[in-house]
1. Which order do peptides 145-152, 679-686 fall in by mean Cβ count within 10 Å, highest first?
2. Roughly how many Å is it from the Cα centre of segment 45-79 to that of segment 87-125, as a whole number?
3. Relative contact order, percent, of segment 395-517 when contacts are C-alpha pairs under 8 Å separated by at least 6 residues?
4. What list of ³J(HN,Hα) couplings, whole Hz, do you get for segment 91-108 from phi and the Karplus terms 6.51, -1.76, 1.60, once you set θ to phi - 60° and write x for glycine and proline?
5. Given Cα pairs under 8 Å that are at least 6 residues apart, what percent is the relative contact order of segment 246-325?
6. Using alpha carbons only, how many angstrom separate the centre of segment 495-523 from the centre of segment 246-273?
7. Segment 323-347 to segment 395-411: how many Å between their Cα centroids?
8. At a 10 angstrom cut-off on C-beta neighbours, averaged per residue, how do the peptides 442-449, 328-335, 455-462 rank from highest to lowest?
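Here, each number is a calculation from the coordinates, and none is a lab measurement. Owing to the predicted nature of the structure, the values given are computational and were not obtained by experimental measurement. Cβ atoms come from the backbone with ideal geometry, glycine included; neighbour counts cover every protein chain shown.
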Amino acid sequence: MALLGKLVSLVSRRTLRSEGHVFAVTPERIAVAEGIHAALAMAPMLCAAVLLARPEVAFGAVAAFWNCLCDPQGAKDERLRSMGMFTALGAVVLPAAAYLAHWGYGASIVTLFVLVFLCGLTRSYKPALGPMPAQAGLIASLAVVIGVASPAPFGGALLQGGYFLLGSLWTMLFCIVLWQLPFRQSACLTLETIFARLDDMAGHLEMLDARPGMDADGWEAFDTVYRRGVRMSIERGRALAAHDPRTAPVLGPGIDAAGRVFSALIALGHSRRNPEVALPEDWRSLLQGLRQLLQSLGDLAEQEMPIADVPRAQAHALVRRTAGRNDQAARAVSFAAMAILRLAEHDHGLARGAESGAESGAESGAQSAAESASAPAPTSPSPSPPATFHIDALVWRHAVRVATAAVIAYLVCTWFNVTFAYWGAIAAIVVTQPISANTWLRVVERACGSFVGGILAAYLLTHLTTPLAMALAILPLAAITVSLRLVNYGLFVVFLTPMFMLLSDFIRPADGLILARLTNEFVGACVGVAASFLLWPGRANNGLAAALSSTISANMAFAAAVARLAPSQAAKLDHLQREAGMASTRLETARERIMLEGRWRSAALDRLREVIVAARIICGAAAVIEVLRAGEPDARDRQRADAYDDAAGQMLEALEAPPAQASELPIFPAAEGSSDDASTADLDHAVGNLVTAVDGYLRAAAPARTAIR
């Protein structure tokens, strides 16, 4: 675990800039135990195929592997729902495709289109924080392709379906009932990643030059790359804790503490950049002390240990050093140290509770109580209106898009007699994405992964000559592939390629597999790109306006809440700050996807970057007030909050107005006086900059907005 933790920490720090992209690398999601799970689930079917000399039994191993990809881990009912849905879909579509395809080439083409389309209707397309488990509908559509490529009469089709059903049901029994995996490793790796990135963020802040006009690129990286990277890792951890209650006792308090440290670093960075704020001479020493504390926490998370005496002593030392001081650096560091001390007290309480539970034999009751505490409160049932069947336009359009791409790729590959032509259809299904820019990135990742994986497959195919040797090579490849499924798609494909090439050669031996793989991948990629750009192209512009409105609304709501709410409402302020940070990250991602569509020279996108930076600065200025405020807000603070709400409303109205009716946004009028003049005047200035940036963006984007309308 310690070695794995060090590797995760190293990779996480090197891949910080990939956050917010579809090619993100999330090393904390490496799942070694899940990989071993998959290999053991596949092993019985592969062994049976070898011992019985019946290669077709390996269809069950394929089903086992696919079902492991669909396994979301977490709560048992969610796992049963996801894996059961895939089992039911696959057990129907695979034999149906095989039987209908045996009636002829024309029937197989129609079958491929119809069944892939129907599988596509079961998919959903919600924004996610990084890679997620494969959906049942996507994997079931691959089963359709396998069935079409294996035509058989009714009895043979049922036999294929039986092997598939057997392998899939065995996987569900093995993974959900016989051997459930603890999620503690994922929780500890997630915490280690978060604390390591906070340490990097603090180290970057320490090196920046705060003189006006100096180190502009460094400050921009602090406001975008570092803040986005930490925020994304925190929110992934929060999603993991919500996904599986077993992680909540470990992840929940740790993530809350990390969020408070994050706020403190944002506040300290904002204060240091402000030339009107005089930081004390020992600010760098205080920051170094905080970094040492973060490094100690990361080391403990790596070893799966609660907070020990050393980090507790480090936090107490920082609190003592900053006691009674009113400068912004000291109060920000004290804010972070106090959050760590509260985490230490929580860990100490958990340790005492676990020890007491072990002595009294009441451990299971404590676990039930923890799970009950994390569950939502029960509500009385209320009558709901009858549900109406509705398929979202994005879903059915993408289902048509993917089905068309699969058919065209299969037609091309079969027309030119490419070996294993169904690989081309599978490639087309996988690379075709609802947003065209995502398709380009998926093609690049799959191409690079297939190239490296093809080299590995070529070596294995020339050295493995018996079915037993192939089976022994397939299992570790499957373990590595599943371990990397949530880390990065390109790495996933590197090991997926040789595994499936060996499986294909195991079930149906053929020559020229390397050339066939490259040819099929090329055809599938070309067809997928064409389908994404020609059939209802989902360009990133479609979501840009919503992302921009959300960013303005969320950041201004946080600014108004900081001015309006008392320090005792810290939980609500933390929630609003998270929403502001995530909204800014989504806007950054939308902008970068538009650039990937070829519009990187757009003046409007340059202006949009200014809007993003201005929104980040508002969040930082508001965080300064949250960290430094000690008293209750007064009437002048509430007046300022009302002014922020009015400014937000004006900006949102300007975004909604037709370009021809757009008028210049008024300069933001700063409210007079406050309980903390320096900090709130800084926030006023930041709001004014955002209003100016939004006005500039609207003017630059007016032609494009007119064209869209």
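1. 145-152, 679-686
2. Distance between centres, Cα-based: 20 Å.
3. For segment 395-517, the relative contact order is 28 percent.
4. Coupling constants for segment 91-108: 5, 8, 6, 5, x, 4, 5, 4, 5, 5, 5, 6, 7, x, 5, x, 5, 5 Hz.
5. Relative contact order for segment 246-325 comes out at 20 percent.
6. What the calculation gives is 47 Å, centre to centre.
7. Segment 323-347 and segment 395-411 have Cα centres spaced 56 Å from each other.
8. Highest-to-lowest ranking by the protection proxy: 328-335, 442-449, 455-462.
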